[in-house]
Amino acid sequence: MYTERQGISHNPMAEEVKTVAAPRKGSRANASVRWRKRLRFVRTRARELRMIGKALLSTKHPVLVHIIPMRRCNLDCGYCNEYDDFSKPVPVEEMKRRLDILADMGTSIITISGGEPLMHPELEEVIRHIRKRGMIAGMITNGFLLSKERIKSLGEAGLEHLQISIDCVNPDDVSKKSLKSLDSRLEWLSEFAVFQVNINSVLGSGVKNPEDALTIAHRAIDLGFTSTVGIIHDHNGQLKPLDDKQIKIFEEIMTLGKRSFSRFNDFQHNVARAKEHTWRCRSGSRYLYVCEDGLVHWCSQQRGYPGIPLSQYTPEMRQHEYLTDKFCGPRCTVSCVQQVAMLDNWRDPQTRKPMPMPPPPVSGDLIQIGSAQR
Ligand code: SF4
Ligand code: SF4
C-alpha cells in the first residue's frame, strides 16, 4: 500500500497512478534475505496500519513528507526540472535537524527524493535517523548508483521502500533511465534488498514506445517487485490526456495486479483520460515537500507556495493550508498527494484562500530544459 502513496516518481513529469500487486515468486534472494525481507514487510505494514488509524483520528500532523537531501543528479533527463549539476549535499546534521522538526510534528512517512539522493555521502545516516525517530523511511532514486554493497547498506540503515522510475526499454536522447541500463541493478535488488521495491513505468505523449511500460511492468513483477505506471503531466503537474493506444496499455497494466487502491477512487482513471476530478488537496498540511533549502512547498509542482522555512512552519500555518482550496486541484496529477487526501476528503471542506506569498525561492539554479516529452 505504501508504494501507492509515493509520489515523486524520479520522473518529475510523471506520477504513478496504480500499484500492481506483484507475486513474490520472482525474488532471487536466498532464504536469509527472504526471511529478513518478510519480517521487515510485516513490521512496516503494521506501522502503516497504525499510521492510517492515527491519520483518521487526527488531522493535525503530516502523513507524508518528501524531503530533498541533494538537488544534484548524476543524469540529465531531457524533461526534468528538478535537478542541477553542481549543488552540494545538505549537511547531515542539518538533515537531522529538519527530520527532528518533522518527527516532532508527528509525521508518519518520509520519502527521500532529489536530484539523486544516492549521491548524498551520508544518506544511510539520514535513513537511520528517520527510523530512529519512528517514521517510515522510503526513497526515490534513478538507481544508477546502486551496487550490491549499497543495497545491503541501505537495508542495514533501515530503508523500508525504494522506488525506481524507468522510462523506456532502451536508452534514448531524452532518457537514460531504461530497462536495458538498469536491469543488472534490478537483479541485485531482487537478490539483496530486504526492503520493498517498486518500479514505476511511464505513459504519455512524448514517450516513444508506449508498449515499453508493459514490458517494464512485467519485468518488475518477474523480479518480485511491485509496479506502478505513471502518466506524463505538464510542468505544473496538470493533466495531459493519453491517446487510445496508451489508454489500452494503461488498462492492461491495471489488470496485471490483483489488488488496487484505485478500487477506492476514480482518480487514476480520470488522470489517464485527462478528466477533471473533485477532491481536497491537503498539501502544506497532510503532505509537505521540503526542498534542499529547508523550505516547505505545497508539492514538487508548486514550489514557491508557501515557501516558508520548515523551522518557522507553525501548526496554524498547517491548519490554514489544510483548509485552503488549491486552485490547481481539478487538473492535478500528483497522485501521492491525492491519495493522502483520501484520508480527509470526507471531512473539513476547504474555504480559505492561499496565504500571501513571499518571493519564490531562488530557482534559477535549477536546470529547466523544455518539455521534451510533450
Ligand atoms: S535528471 Fe535526475 S532527478 Fe531528473 S528525472 Fe532524471 S534522474 Fe530523476
Ligand atoms: S493540487 Fe495539490 S498536489 Fe496538485 S499540483 Fe496543486 S498543490 Fe500540488
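We did not get these values from a lab; they are worked out from the coordinates using the rules stated. Remember, it's a predicted structure, so these values are computed and weren't measured experimentally. Glycine gets a Cβ as well: all are built from the backbone with ideal geometry, and neighbour counts include every protein chain shown.
Could you line up 242, 323, 159 from fewest to most neighbouring Cβ atoms inside 10 Å?
Working: 242 22, 323 17, 159 25.
Lowest count first: 323, 242, 159.
Between residue 42 and residue 218, what's the calculated FRET efficiency when r is the beta-carbon distance and R0 is 25 Å? Round to 0.05. Let's see the in-between values first.
Working: r = 27 Å, r/R0 = 1.07.
Plugging the Cβ-Cβ distance into 1/(1 + (r/R0)^6) gives 0.40.
Taking amide hydrogens as modeled 1.01 Å from N in the peptide plane, which residues meet the under 5 Å criterion relative to residue 230, leaving out close sequence neighbours?
Residues meeting the amide H criterion: 17, 201, 202, 203.
When the gyration tensor of the stretch 290-340 is built from Cα positions, what are the square roots of 5 times its three eigenvalues, in whole Å, from largest to smallest?
Details: eigenvalues 73, 38, 17 Å².
After scaling each eigenvalue by five and taking roots: 19, 14, 9 Å.
Rounding to the nearest 20 debye, state how big the charge dipole of the stretch 12-341 is about its Cα centre with +1 on each Lys and Arg Cβ and -1 on each Asp and Glu Cβ. Mind showing how you got there, number by number?
Working: 49 positive and 39 negative charges, 321 e Å.
Taking the Cα centre of the stretch 12-341 as origin, the dipole is about 1540 debye.
Among 122, 156, rank each residue by its count of other Cβ atoms within 10 Å, from fewest to most, as a rough exposure measure.
Details: 122 17, 156 12.
Exposure proxy ranking, most exposed first: 156, 122.
Long-range amide H contacts for residue 308: which residues qualify at under 5 Å (H placed 1.01 Å from N, peptide plane, sequence gap of 5 or more or a different chain)?
Those qualifying (amide H under 5 Å, at least 5 residues apart or on another chain) are 296.
Per Stokes-Einstein, at 25 °C and 0.890 mPa s, what whole-number D in µm² s⁻¹ belongs to the stretch 12-341, with the Kirkwood radius over Cα pairs as the hydrodynamic radius?
The diffusion coefficient I find is 123 µm²/s.
Looking at this model, which pairs from 60/353; 177/248; 37/180; 180/326 are more than 30 angstrom apart at the alpha-carbon?
On the way: 60/353 19 Å; 177/248 23 Å; 37/180 26 Å; 180/326 40 Å.
The pairs that break the limit, which is 30 Å between Cα atoms, are 180/326.
May I ask you to derive the FRET efficiency for residue 50 and residue 314 from their Cβ-Cβ distance with R0 = 35 Å, giving the value to the nearest 0.05?
About 0.85, to the nearest 0.05.
If you rank 250, 86, 41, 192 by fewest surrounding Cβ atoms within 10 Å, what's the result? Numbers along the way, then the final one.
On the way: 250 24, 86 8, 41 16, 192 21.
Sorted ascending by nearby Cβ count, the order is 86, 41, 192, 250.
Based on the Cβ-Cβ distance of residue 325 and residue 94, what FRET efficiency does E = 1/(1 + (r/R0)^6) give at R0 = 25 Å, to the nearest 0.05? Intermediate results must be reported in sequence, preceding the final value.
Details: r = 33 Å, r/R0 = 1.34.
Efficiency computed from Cβ-Cβ geometry: 0.15.
For the stretch 12-341, with the dipole built from +1 on Lys and Arg beta-carbon atoms and -1 on Asp and Glu ones, taken about the Cα centre, which of 274, 32, 166 lies farthest toward the positive end?
The residue sitting farthest along the positive end of the dipole is 32.
Distance in nm between label sites at residue 245 and residue 148, each 7 Å beyond Cα in the beta-carbon direction?
A separation of 4.1 nm, rounded to one decimal place.
Among DSSP beta bridges lying fully in the stretch 12-341, give the percent that are antiparallel, nearest 5.
25
Taking the Cα centre of the stretch 123-209 as origin, work out the dipole magnitude from +1 charges on Lys and Arg Cβ and -1 charges on Asp and Glu Cβ, in debye rounded to 20.
200
Any idea how far apart residue 34 and residue 276 come out in nm if each label point goes 7 Å out from Cα toward Cβ?
Output for this residue pair reads 5.2 nm.
At q = 0.09, 0.17 Å⁻¹, what is the base-10 log of I(q)/I(0) for the stretch 73-217 according to the Debye formula with one equal point scatterer per Cα and no solvent? Please give it to two decimals.
Taken in order of the listed q values, log10 I(q)/I(0) reads -0.30, -0.99.
Dipole magnitude of the stretch 59-118 about its Cα centre, charges +1 at Lys/Arg Cβ and -1 at Asp/Glu Cβ only, in debye to the nearest 20? If you can, show how the numbers build up before the last one.
Numbers: 7 positive and 9 negative charges, 46 e Å.
Result for the stretch 59-118 is approximately 220 debye, rounded to the nearest 20.
From Cα pairs below 8 angstrom and at least 6 apart in sequence, can you work out the relative contact order of the stretch 12-341, rounded to a whole percent?
Rounded, it is 24 percent for the stretch 12-341.
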